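Notes follow once the structure below has been shown.
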Amino acid sequence: MFLLTFLVLILFIMVSVGFFTLLERKVLGYIHIRSGPAKVGVFGLLQPFSDGLKLFMKEQFYPMNSNFLIYYVCPTLGLIQSLFIWILFPFYMNSIGFSFGFLLFLCISSLGVYSLIICGWSSNSVYSILGCIRSVSQAISYEVSLSLILLSFFFLCDSYNFVNLYCFQDMGWFIMFCFPIFFCWVSCSLAETNRSPFDFSEGESELVSGFNVEYGSGGFAFLFIAEYSSIIFMSFITCLIFLGGNYFSMIFYMSIILGCFLFVWIRGSFPRYRYDKLMYLAWKCYLPFSMNFILFIIFLSTLIFYHFFL
């Protein structure tokens, strides 16, 4: 039953990634005052399946100077890492719940950097190595602030289990008293998933698509699926922390769709940051703010403890 549950989860993730790409292209189309995909199927609903079929049927090529085996294996490793993080999804059936889910989340999300490094390095291309260096430094910088923001809420709950976030938000959502830190979290999530306006690993106008410039066909499709499944998971974590975390309710899953829409909306609204400003924002704005927020949460939890237990 455990194996069957995880296989069904992976199947739903794959389908949701396909339809998320359709949502993105439709929303960007309306932002640009055009219709978006509308030819394949009714209202373009079959466009994701058409795109996936086209990608996997295209000819697979490899650069002559690349490290052949690593070049081929690396996109698969990136996809496995992106799908493996979904093990933290709190199943209603089979009672999946990790006592140290927060630490597992940090460990798995940190491994995503290695696929970026190896993809850029194994291609033996100047553009790909430049894109991977920029994306790795960006991911490491914003991962610190992301971890500190997440850690502060687990300090408040006095547990590393994601399910306990739902219990603590029974009387009120965390976003009600943590509104400024919510925007920091969204911004760090955009940088962590390499999305616009922080998409420096795939800056098309500067790096000709960045670290994945030499990939086509199935390899590109694997990297594409890995990126979009990470975006959906970050939307899920956002709803779990800030928007009640009631995964028994349909409103929770509607909030995840709204979070995915927010990613697309930001992409269509903001231009790309300058790289030095990106690093300034990470180390001189978000990091001090998140550290001060941890001190505030420790003070708040101490106050609650003394009020109710002493």
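Can you tell me how many residues within the range 169-214 are at pLDDT 75 or above, part of a helix (DSSP H, G or I) and among the polar types (S, T, N, Q)? Total satisfying the criteria: 3. Can we say L111 is within 15 Å of S189 (Cβ to Cβ) and either surrounded by fewer than 17 Cβ atoms within 10 Å (Cβ to Cβ) or without any contact (Cβ under 8 Å) to a residue 60 or more places away in the chain (or both)? Judged against the criteria, L111 is not a match. M57 meets each of the listed conditions (1) exposed (fewer than 14 other Cβ atoms within 10 Å of the Cβ); (2) more than 19 Å from I225 (Cβ to Cβ) apart from (2). Every listed requirement among (1) within 25 Å of Q81 (Cβ to Cβ); (2) over 18 Å from the mean Cα position of the chain (by Cα) is met by I225 save one, (2). Residues of the range 252-268 that are aromatic (F, W, Y) and under 15 Å from the mean Cα position of the chain (by Cα): F261, F263. For S217, state whether it is at pLDDT 80 or above, surrounded by fewer than 21 Cβ atoms within 10 Å (Cβ to Cβ) and under 14 Å from the mean Cα position of the chain (by Cα). In short, no. Testing Y127 on (1) buried (at least 16 other Cβ atoms within 10 Å of the Cβ); (2) at pLDDT 85 or above; (3) under 27 Å from Y72 (Cα atoms), one condition comes back false. Which one is that? Result: Y127 passes all but (2).
Listed conditions (1) surrounded by 17 or more Cβ atoms within 10 Å (Cβ to Cβ); (2) in contact (Cβ under 8 Å) with a residue 24 or more places away in the chain; (3) in a loop (DSSP other than H, G, I, E, B); (4) of a type outside the set (D, E) are all met by V27, apart from (3).
Is it fair to say C132 is touching a residue at least 60 places away in the same chain (Cβ under 8 Å), assigned to a helix (DSSP H, G or I) and farther than 29 Å from P288 by Cα? It is false that C132 is touching a residue at least 60 places away in the same chain (Cβ under 8 Å), assigned to a helix (DSSP H, G or I) and farther than 29 Å from P288 by Cα.
The values are calculated or read from the model by the stated rules, or taken from the named source; none is laboratory data. Computed from a prediction, not measured in an experiment: that's the story for all the values here. Note that we place each Cβ from the backbone using ideal geometry, even for glycine, and neighbour counts take in every protein chain shown.
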